[in-house]
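What follows is a short report on a single structure.
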Amino acid sequence: MRKIVRLLLIIGTIFGVLIGTALAQEGGRFYHESGHTLDSRFVEFFDSHGGLEIWGYPISKSFIDSSSGRIVQYMLNGRFEYHPAPPGGEPFVTPSLLGEFLGGWGTPVEAGQLPVGPDSGCRYYPESQHYVCHAFLAFYEAHGGPAQFGYPISEFGIENGRIVQYFQGFRLDWHPDALDGRTVQVAPLGRIHFERSGFDPDLLRPDPPDERIQYRVLELHLSTSVWQPVMGSSGEQQLYVVVRDQNFRPVQDVVVTARVLLADELRTVVMPATDENGIAQRPLAFTEQPAGTFVLIEYTAVFGELISVARDSFRIWW
C-alpha cells in the first residue's frame, strides 16, 4: 500500500510540474542570466514589487507545489504563489513567507527593553515586537518596508559568521566587504528553501535559450580550501579554489592569483585557469616556517570585468 501511495505522489508531482511548466512559458520573460523564464502570471507582481534588486533572477521553472496545490516559482531570494480567482474575484499573486519558514519568529522584545534612544538609528515595530536598526533600517525603509518585506520577526544576529536579520518574507545580510558598496543584501532564501524542500532538482535545469541569446556570468563566488589545515615547518601544501557564478554553475577559464603571507615573505602564486568544473589547484612548497605561524592566503579571481576575493589560511604546528 505504501508503494502505491508513493507512486501516486510521484506521478502527481510530475503531472503538476508538466502542467505548471506548460502553462508558464507563453508570454513569460526569459532571463539569459539564469536560463529561466519568469512565468507570465508573475511578471506584473515581480515588476511592481522590487524586480531584480529584491527578488533576483528566476531559478526554477514554475510548477504545482503538491503540498498546497498552487502554482509556484522560485526566485533567487524568494518564491511566488499563484492563487486562482475566488468567487466573484480576480486571480492574485502572493510571495511565500520564507523568512518565517526558515528563520522563525524570535523572542518578542518590548518597546524600550533595548537600550536605544530616539536618535539611535533604530525603529520599533509593535506589530511584530522587534527593532530594525542602522543600515538594515535604511535599506528596509528605502525599499518598501513592511509592505515589501513583511515585519521584522527577529533582532539582528550572527549566522554563519555574518550579521543577518529575518523578516516575514526575507532575510537581510550585512556585507561590509562588498566591493560594489552593497553592504546590505537580500539573502538567497529562495534557493535555500528550494533545496530544503526536497523538490526535483530538474526544476532548476535552465530552459533552452533563444540562439541569439548567450548566457552571461554576472557574479563570481569563490570557495577555497587547503589539503591540510595544519602542517610542519617544511612541506608542500595544496591550494584549491572553486569558482561558481550567480546561479552556482562552475565557471571555466577564471584567472586566480594567490597572495601567500609566510613568516618570512609575501609570495604571489598564479594558479592554473579553472577547469570545466570551475576548479583550480596548485601546490605551495615552503621551508623552515616557525611553529605557530598562521599562513594567510588571499585569492583574487578575475573573469572579464568581474573580480572576486576570498581568504583562507593554515597553521604551522610543529
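The values are calculated or read from the model by the stated rules, or taken from the named source; none is laboratory data. Worth saying up front: this structure is predicted, and the values here are computed from it rather than measured. Using ideal geometry, Cβ is built from the backbone for each residue, glycine included, and neighbour counts are taken over all protein chains shown. Surface accessibility is based on the protein's heavy atoms, side chains included, excluding ligands, DNA and RNA. Shrake-Rupley method; radii C 1.70, N 1.55, O 1.52, S 1.80 Å.
When only residues in segment 40-90 that are among the β-branched types (Val, Ile, Thr) and closer than 16 Å to residue 29 by Cα count, which is surrounded by the fewest Cβ atoms within 10 Å (Cβ to Cβ)?
Our first condition is that a residue be among the β-branched types (Val, Ile, Thr); within segment 40-90, this holds for 43, 54, 59, 64, 71-72.
With the extra rule that they be closer than 16 Å to residue 29 by Cα, the set shrinks to 43, 59, 72.
Numbers: 43: 15, 59: 25, 72: 21.
Only one residue fits best here, namely 43.
Looking at segment 255-286 only, could you name the residues that are open to solvent by 70 Å² or more (accessible area, probe 1.4 Å), within 24 Å of residue 220 (Cα to Cα) and of a type in the set (A, V, I, L, M, F, W, C)? Break it down into steps so the answer makes sense when it comes.
The initial filter retains those residues of segment 255-286 that are open to solvent by 70 Å² or more (accessible area, probe 1.4 Å), namely 255, 259, 261, 264-266, 268, 270, 276-277, 281-282.
From what's left, within 24 Å of residue 220 (Cα to Cα): 255, 259, 261, 268, 270, 276-277, 281-282.
Matches in segment 255-286: 255, 261, 270.
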Notebook entry, point to check: Is it the case that some residue within segment 165-186 is within 25 Å of residue 30 (Cβ to Cβ), out of contact with any Gly (no Cβ under 6 Å at 6 or more places or on another chain) and among the aliphatic types (A, V, I, L, M)?
Noted result: yes
Check: Filter segment 219-243 for residues that are open to solvent by less than 40 Å² (accessible area, probe 1.4 Å) and closer than 19 Å to residue 206 by Cβ; which is nearest to the chain's Cα centre (by Cα)?
Finding: 220
Checklist line | Only one of 246, 289 that is assigned to a loop (DSSP other than H, G, I, E, B), more than 23 Å from residue 191 (Cα to Cα) and either open to solvent by less than 50 Å² (accessible area, probe 1.4 Å) or aromatic (Phe, Trp, Tyr) (or both) | finding: 289
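Out of 259, 282, which single residue is closer than 27 Å to residue 175 by Cα and in a strand (DSSP E or B)?
Values: 282 fails: closer than 27 Å to residue 175 by Cα.
None of the other options fit; the residue is 259.
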Margin query: For the list (1) open to solvent by 60 Å² or more (accessible area, probe 1.4 Å); (2) over 30 Å from residue 45 (Cβ atoms); (3) out of contact with any Phe, Trp or Tyr (no Cβ under 6 Å at 6 or more places or on another chain), I need the number of the one condition that residue 138 fails.
Written below: (2)
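So which of 93, 132, 164, 109 ends up being β-branched (Val, Ile, Thr), surrounded by 11 or more Cβ atoms within 10 Å (Cβ to Cβ) and under 18 Å from the mean Cα position of the chain (by Cα)? First the steps, then the outcome.
Numbers: 93 fails: under 18 Å from the mean Cα position of the chain (by Cα); 132 fails: under 18 Å from the mean Cα position of the chain (by Cα); 109 fails: under 18 Å from the mean Cα position of the chain (by Cα).
Answer to the check: 164.
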Notebook entry, point to check: If we keep just the residues of segment 40-81 that are more than 23 Å from the chain's Cα centre (by Cα) and within 24 Å of residue 171 (Cβ to Cβ), which is modelled with the highest pLDDT?
Noted result: 70
Next item on the list: Assess whether residue 216 counts as being surrounded by fewer than 17 Cβ atoms within 10 Å (Cβ to Cβ), among the charged types (D, E, K, R) and closer than 30 Å to residue 282 by Cβ.
Entry: yes
Note to self: Where the second residue is in a helix (DSSP H, G or I) and the first is of a type in the set (Ser, Thr, Tyr) and lies in segment 135-149, which pairs have Cβ atoms under 8 Å and are six or more apart or on separate chains?
What the structure shows: 140/149
